[in-house]
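A short write-up of the structure that comes next.
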Amino acid sequence: MEYDTLSNGLRLPKVGFGTYKTEGGEGTRVVTQALEAGYRLLDTASFYGNEEAVGEGICQSGIPREELLLTSKAWRTEMGYENILAAFERSCRRLGVEYLDLYLLHWPRVPWSDPDWKRHNAESWRALEELYRAGRVRAIGVSNFLPEHLDALLETAELCPMVNQIEYHPGWNQPQVLDWCRAHGTLVEAWSPMGRRRVLEHPLVVELAEKYGLSPAQLCIRFALENGVQPLPKSSSPERMRENLDVFRVSLTAEDVCRLNAMEPAGWSGLDPRRMGME
Ligand SMILES: NC(=O)c1ccc[n+]([C@@H]2O[C@H](COP(=O)([O-])OP(=O)(O)OC[C@H]3O[C@@H](n4cnc5c(N)ncnc54)[C@H](OP(=O)(O)O)[C@@H]3O)[C@@H](O)[C@H]2O)c1
């Protein structure tokens, strides 16, 4: 496995494993099989309702905690200084761990639904900084933050987010967010790196997959890697878990990366951070 290095020196495997929509016994099975397939970075969130299942999968795998990297996220309803500190403890308890490797704010508060959005983001971030300084989490970041949310956060932040996890796949590559993150040393993680299958039949994806002897899913994962983005594919099948990790034998030419970067919008989830409510 190859690694990315965060701005604080923490090394993360270049491909992580997504766990959204795998709950209960099925979630536990998927996590143990993903670890068996070779994944060492697991992505979960309080919102997924599967932290216990993920924790049980880790336990059953027998892999020592320190060999794994574990991400969780605070949901929109958990924002606020005290709320975040409590949410972090709940996530650790459900996962059965003493510390997290990465803890993220799942979605920003935004002006569309929260007039006091800047302060709520800033206070939540201050809680993450405190958890980081106390050694409870090895790196901190955000998810679904656009440049306007990031700039506002930096008005009061002492630490710049080390990670920003965003929707990212061919047909939805959010170049302005990437530019901001590159300029600030923030690693971009790709959620839905295959657009939840929506881009797997796109003619350009199929054409380039054939050219490189990759499956369309592998081509999407390779696309993220070529742009310095860390993909978090999710699969419930051991065969596809292995397929999605087997992406280091070829690289794409700069010209083909440009073609994919320039692809028309395709496969977007429709989840616009500017228009998300508070629930
Ligand atoms: N921060 C956020 O707001 C946010 C939002 C959404 C997701 N995420 C994270 O990102 C992770 C990944 O995103 P995602 O689950 O939405 O989408 P995804 O990984 O792009 O797609 C998952 C879908 O693709 C299928 N699949 C997986 N490998 C395949 C392959 N090799 N060939 C064909 N189909 C394949 C899976 O089916 P099978 O299971 O049957 O293989 C599943 O239906 C999530 O699990 C979660 O951890 C974060």
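The values are calculated or read from the model by the stated rules, or taken from the named source; none is laboratory data. Because the structure is predicted, anything quoted here is derived from the model rather than measured. Using ideal geometry, Cβ is built from the backbone for each residue, glycine included, and neighbour counts are taken over all protein chains shown.
Looking only at the stretch 19-36, count how many residues are within 12 Å of the ligand (Cβ to nearest atom) and touching a strand residue (DSSP E or B) at 6+ places or on another chain (Cβ under 9 Å). The qualifying residues number 5. The residues in the stretch 154-179 that are more than 20 Å from Val199 (Cβ to Cβ), hydrophobic (A, V, I, L, M, F, W, C) and free of Cβ contacts under 8 Å to residues at least 40 places away in the same chain can be counted, and the count is 3. Can you list residue pairs whose Cβ atoms sit under 7 Å apart, with the first residue in the stretch 186-203 being in contact (Cβ under 8 Å) with a residue 40 or more places away in the chain and the second being hydrophobic (A, V, I, L, M, F, W, C) and within 6 Å of the ligand (Cβ to nearest atom)? Count only pairs 6 or more apart in sequence or on different chains. That search, which allows pairs on different chains as well, returns Glu189/Leu232; Ala190/Leu232; Trp191/Leu232; Pro193/Leu232.
Where helices (runs of 4 or more DSSP H) sit wholly within the stretch 203-279, those with at least 2 residues that are small (Gly, Ala, Ser) occupy 216-226.
Mind checking which residues of the stretch 1-13 are away from the ligand (no atom under 15 Å from the Cβ) and of a type outside the set (A, V, I, L, M)?
Glu2, Tyr3, Asp4, Thr5, Ser7, Asn8, Gly9, Arg11
Looking at Glu158, Glu201, Glu167, just one residue is surrounded by fewer than 21 Cβ atoms within 10 Å (Cβ to Cβ), at pLDDT 95 or above and within 11 Å of the ligand (Cβ to nearest atom), and that residue is Glu201. For Arg182, the test of being over 13 Å from Asn144 (Cα atoms), touching a residue at least 24 places away in the same chain (Cβ under 8 Å) and either small (Gly, Ala, Ser) or away from the ligand (no atom under 14 Å from the Cβ) (or both) is passed. Quick test of your reading of the structure: Glu130 fulfils all but one of (1) touching an Asp or Glu at 6+ places or on another chain (Cβ under 8 Å); (2) closer than 22 Å to Asn8 by Cα. Name the failing condition by number. With respect to (1) touching an Asp or Glu at 6+ places or on another chain (Cβ under 8 Å); (2) closer than 22 Å to Asn8 by Cα, Glu130 is out only on (1). Looking across the stretch 216-247, the residues that are of a type in the set (Gly, Ala, Ser), surrounded by fewer than 20 Cβ atoms within 10 Å (Cβ to Cβ) and near the ligand (Cβ under 8 Å from one of its atoms) come down to Ser236, Ser237. Restricting Arg109, Arg93 to those that are outside any helix (DSSP H, G or I) and either over 18 Å from Tyr48 (Cα atoms) or among the basic types (Lys, Arg) (or both) reduces the list to Arg109.
Tell me, yes or no, whether the stretch 185-193 has at least one residue that is of a type in the set (D, E, K, R), under 19 Å from the mean Cα position of the chain (by Cα) and assigned to a loop (DSSP other than H, G, I, E, B). No. When residues in the stretch 158-172 are screened for being in contact with a strand residue (DSSP E or B) (Cβ under 9 Å, 6 or more places away or on another chain) and part of a loop (DSSP other than H, G, I, E, B), 4 of them pass.
Being more than 10 Å from the ligand (Cβ to nearest atom), polar (S, T, N, Q) and more than 24 Å from Gln33 (Cα to Cα) is a condition met by no residue of the stretch 266-276.
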